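Below is one structure, written out as structure tokens; the observations come after it.
The values are calculated or read from the model by the stated rules, or taken from the named source; none is laboratory data. Just so it is clear, the structure is predicted and the values come from calculations on it, not from any experiment. Neighbour counts are summed over all protein chains in view; Cβ atoms, including those assigned to glycine, are modelled from backbone coordinates with ideal geometry. What goes into the accessible areas is simple: the full protein's heavy atoms, side chains included, and nothing from ligands, DNA or RNA. Shrake-Rupley method; radii C 1.70, N 1.55, O 1.52, S 1.80 Å.
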Amino acid sequence: MNRLTRKQGNGSGYQVDSQQIQPLEEGYGGEAVERLAKLENLWEDLEQKQKEISQKLEQLRGEGRTKSAQFRELMGKKLSNSYVLALFKDYEIDGESKK
């Protein structure tokens, strides 16, 4: 991946080159904004999928199908998604700061 950001000289945060963002009528656009939007879309999609998977797993549990291939596949997806979401939190990408 080609980084759009780099550490500031004083180490206080990150910055992007001015050609990576462009002022628009109501905010900013550009490659950096597009990449951020994709990351946010990924986060939201993972959270939504987790809810859907949890509902389906609950349904399968109610049907007594906890040993089915479908249940096991969904459980694997849920664990994988949970790991990625945990990484986002570790890197404070979820918008919440560590305390």
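Observations, loosely collected:
- For the chain, the longest principal axis of the Cα atoms and the long axis of helix 31-62 meet at an angle of about 10 degrees.
- The relative contact order of the chain, computed from alpha carbon pairs under 8 Å that lie at least 6 residues apart in sequence, is 15 percent.
- Candidate values [x] 91; [y] 81; [z] 152 were compared with volume of the Cα convex hull per residue in Å³ computed on the shown model; the agreeing label is [z].
- Using a probe of 1.4 Å on the protein chains alone, the accessible area found for M75 is around 60 Å².
- Rounded accessible area per residue of the chain, 1.4 Å, Å²: 81 Å²
- Principal-axis analysis of the Cα atoms of the chain puts helix 69-90 at an angle of about 30° to the longest axis.
- Computed over region 1-52: relative contact order in percent, which uses C-alpha pairs under 8 Å that are six or more apart: 20 percent
- Global form of region 1-42, assessed from the alpha-carbon gyration tensor, a/c cut-off 1.5: oblate
- Accessible surface of the chain, 1.4 Å probe: 49 percent of it comes from carbon and sulfur atoms.
- Each other residue within a Cβ distance under 15 Å of L24 adds +1 if Lys or Arg and -1 if Asp or Glu, for a net charge of -4.
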